[in-house]
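Taken together, the values in this text are just the output of simple stated rules run on the coordinates, not laboratory data. Given the structure is predicted, the values throughout are model-derived calculations rather than measurements. Note that each Cβ is placed from the backbone with ideal geometry, even for glycine, and that neighbours are counted across all protein chains shown.
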Amino acid sequence: MTENLPSRLTPYQIAYFKTEGYLAFHQPVLSTEKFKRLKDTFEEILADLPDDFSPEMMDVPHYTFPQLYEFLFDEEVLGLVSPFLGEDIALFSSHFISKPGGKGKRVPWHEDSAYWKGWMEPMEVVTVWLAIDSSTVENGCLKVVPRTQDNGYSEYAPVDGKINVFDTEIIPSQRKANLAVSIELEPNHASLHDGKLIHGSDANTSPMRRCGYTMRYISTRTRFRSDLVGHFQKIFLAHGQDRAGNVYGDPDHIYIDLARTRTKHIKSGH
């Protein structure tokens, strides 16, 4: 790893993210060859899923497929988040969400931070949402509500888990859905969003699959509470050095039991 990460963002893009809580990055994130390897890896993982497994729920695949660290630790990816997190970066989590054509589930309005409350201090997570497929309004692209990243802990109510990826949603009076922006992306392009931003996505009723890979990062200056959640969540040093006395996972280790335990604790999907 190099000592300094090259920023991928212009001053305007950095200011836009800080104000709006999200940013669409309409440029290739990875090299053509590397993106092909990532997509091929995803297709192999998808093909091995049990028939009754929802492809929207491919949570923390790096725990069991360590070849994904090639992409998660890639400096082209880290250069998207370093303007906000600095040079010392930890991988917090990753997730494939693949909405099958014609039956991909809706993702309710939510804030990621609401499900991670108490896990870290401060709550500062930047997610890179990398499009594996074309992501459009027709196939259920990510939708965000700009400038809602100041709270992170709205009030939630139950929704139908049979047609939604998870079974709670921010109540209508707090989610400001009328202000939502749809983020359409070409493959290998990405969006960034703050961990406290309100977002969701519609069901995929089109014939085209929609898959994205979420890669989530925190500064190593953030204190991660491994003493509380280390039994189902690990972070990994992606670049630089630790600044808060955190405990990091081993990217050469396969965490099968940890991945199984997470399914009982974590809500997934975007």
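Using θ = phi - 60° in the Karplus curve 6.51 cos²θ - 1.76 cosθ + 1.60, the 3J(HN,Hα) couplings for region 175-180 round to 8, 6, 4, 5, 9, 5 Hz; x is entered for Gly and Pro. For region 35-137, chymotrypsin sites (Phe, Trp or Tyr not before Pro) meeting the loop criterion (DSSP other than H, G, I, E, B) and having at most 14 other Cβ atoms within 10 Å: Phe53.
For Leu142, the residues whose modelled amide H falls within less than 5 Å of its own, excluding neighbours fewer than 5 places apart on the same chain, are Ile183. Of the residues Ile45, Thr136, Met58, the one whose Cα sits farthest towards the positive end of the charge dipole of region 11-262 is Thr136 (charges of +1 on Lys and Arg Cβ, -1 on Asp and Glu Cβ, taken about the Cα centre).
Considering every pair of different Cα atoms, what Kirkwood radius, in Å, is found for region 36-101? Let's see the in-between values first.
Working: mean 1/r = 0.0753 Å⁻¹.
13.3 Å is the Kirkwood radius here.
A Gaussian network model of the chain, with springs between Cα atoms under 10 Å, assigns the largest mean-square fluctuation among Asp257, Asp88, Asp242 to Asp257.
What ratio of Cα Rg to 2.2 N^0.38 Å holds for region 66-145? The partial results should precede the final answer.
Working: Rg = 14.7 Å, N = 80, 2.2 N^0.38 = 11.6 Å.
For region 66-145, the normalised Cα radius of gyration comes out at 1.26.
Derived scalar couplings between HN and Hα for region 156-173 equal 10, 9, x, 9, 6, x, 6, 10, 10, 5, 9, 10, 9, 8, 4, 5, x, 5 Hz in order, rounded to whole Hz, by the Karplus curve 6.51 cos²θ - 1.76 cosθ + 1.60 (θ = phi - 60°), x for Gly and Pro. The ratio of the alpha-carbon radius of gyration of region 1-124 to the globular-protein estimate 2.2 N^0.38 Å is 1.19. For region 11-262, the number of Lys pairs separated by eight or more positions or lying on different chains, with C-alpha atoms closer than 19 Å, is 14.
Dipole magnitude for region 141-267: computed about the Cα centre from +1 point charges on Lys and Arg Cβ and -1 point charges on Asp and Glu Cβ, it is near 140 debye.
Hey, how many Å between the Cα centroid of region 140-154 and the Cα centroid of region 58-73? Cα centroid of region 140-154 versus Cα centroid of region 58-73: 26 Å apart. Scattering from region 63-113 was approximated by placing one identical point on each alpha carbon and applying the Debye formula without solvent; log10 I(q)/I(0) at 0.13, 0.23, 0.27, 0.31 1/Å stands at -0.50, -1.00, -1.07, -1.18. I need the calculated FRET efficiency for the pair His253 and Ile171, taking r as the beta carbon distance and R₀ as 51 Å, to the nearest 0.05. Computed FRET efficiency for His253 and Ile171 comes out at 0.80. Scanning residues 5 or more positions from Asp133 or on other chains, those with amide H under 5 Å from its amide H are Cys211, with H placed 1.01 Å from N in the peptide plane. Residues whose amide H falls under 5 Å from that of Arg243, counting only those 5 or more places apart or on a different chain, are Arg221, with hydrogens built in the peptide plane. Going 7 Å from the Cα of Asn178 along its beta-carbon direction, which residues of region 132-165 have the amide nitrogen within less than 20 Å of the resulting point? Zone members listed by number: 143-149, 155. Model label sites at His26 and Ala157, defined 7 Å from Cα along the beta-carbon direction, differ in position by 3.7 nm.
Per the Kirkwood formula on distinct C-alpha pairs, the Rh of the chain is how many angstrom? Show your work: numbers first, answer last.
On the way: mean 1/r = 0.0539 Å⁻¹.
Value: 18.6 Å, from the Cα pair sum.
Only Lys, Arg, Asp and Glu count, each charged at its Cβ (+1, +1, -1, -1), so figure out the dipole size of the chain about its Cα centre, rounded to 20 debye. The partial results should precede the final answer.
Values: 29 positive and 37 negative charges, 136 e Å.
So the dipole magnitude of the chain works out to roughly 660 debye.
A helix-only calculation puts the chain at -5500 deg cm²/dmol for mean residue ellipticity at 222 nm, using -39500 (n - 2.57) for each DSSP H run of at least four residues, averaged over all residues.
A Förster radius of 35 Å, combined with the Cβ-Cβ distance separating Leu49 from Glu121, puts the computed FRET efficiency at roughly 0.50.
Placing a pseudo-label 7 Å from each Cα along the Cα-to-Cβ vector at Arg243 and His231 gives an inter-label distance of 3.2 nm. At the listed q of 0.16, 0.32 Å⁻¹, the Debye profile of region 219-260, built from one uniform point per Cα, gives log10 I(q)/I(0) equal to -0.42, -1.21.
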